[in-house]
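The values are calculated or read from the model by the stated rules, or taken from the named source; none is laboratory data. Keep in mind it's a predicted model, so treat the numbers as computed, not measured. Reconstructed Cβ throughout: ideal geometry from the backbone, glycine too, with neighbour counts over all protein chains shown. Just so you know, the surface numbers come from the protein's heavy atoms only, side chains and all, with ligands and any DNA or RNA stripped out. Shrake-Rupley method; radii C 1.70, N 1.55, O 1.52, S 1.80 Å.
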Amino acid sequence: MPSLVRARRAVVALFLSGVLLATTAACGGDSSQSLTTGSDTTPTASASFEKQKLAKTRFVANAGLAAGATYQWIVKPYREGKFKKGADGRTFALVKAGLAGAFTYNRLKAAVNNAKGDPLLSKAVAPLTAGIESLKDLGTKLRKGDATAGDVGAFEGVINRVKDAGKSAGAEVVDQVPSTAQLGGG
């Protein structure tokens, strides 16, 4: 019977790895929903209040999903020791962490694009772009089990800085745990 359990786990891991690859290939960002007229410009004085309000709302939603995914599937399992060799459910936890890492990167990129629609928010979030870019390959590192405490800390640090930037611009970010379907891109 133990070989049946191992086979089932292998199939689940393979499936989730495929979903991760499909998700990262399909997630090109949220640039089509950007509220700016140029690629790196901020809204002009003629931008309406509704567009600015919508930008903040979308920023809060995207950053909240990124924060929730990071805490639920990366930080919390790491602190519980689920990523250590020999831990029960390690493979599944690593695959979920990899999916959460790719999802977090995608939602943070979308949040930065949303922030461009609000002048105050765009100034607060602009310095964080390099930190968000540094997370690009950490999803794969987590999925492979090569993540260290520093890598997990990097995710947590970037999320905290995004939350602080949002709060300073009047857009407080609250953690929202995405569903497994949202992690998988469905």
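Here are the numbers for the structure shown:
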read-out: Calculated diffusion of segment 117-186, Stokes-Einstein form, Kirkwood radius summed over Cα pairs, 10 °C and 1.306 mPa s, µm²/s; value: 116
read-out: Rounded accessible area per residue of segment 77-150, 1.4 Å, Å²; value: 47
read-out: 19 Å reach of a label modelled at Asp164, 7 Å along Cα-to-Cβ, counting backbone N of segment 139-156; value: 150-156
read-out: Solvent-accessible area of Lys96 with every protein chain in place, 1.4 Å probe, in Å² to the nearest 10; value: 60
read-out: Extension gain from Ala154 to Thr91, taking 0.36 nm per residue of separation minus the Cα-Cα distance; value: 20.5 nm
read-out: Subset of Lys116/Lys136; Lys76/Lys96; Lys96/Lys136; Lys141/Lys163; Lys56/Lys96 violating a 18 Å alpha-carbon distance limit; value: Lys116/Lys136; Lys141/Lys163; Lys56/Lys96
read-out: Summed residue charge, Cβ within 12 Å of Val162's Cβ, Lys/Arg positive, Asp/Glu negative; value: +1
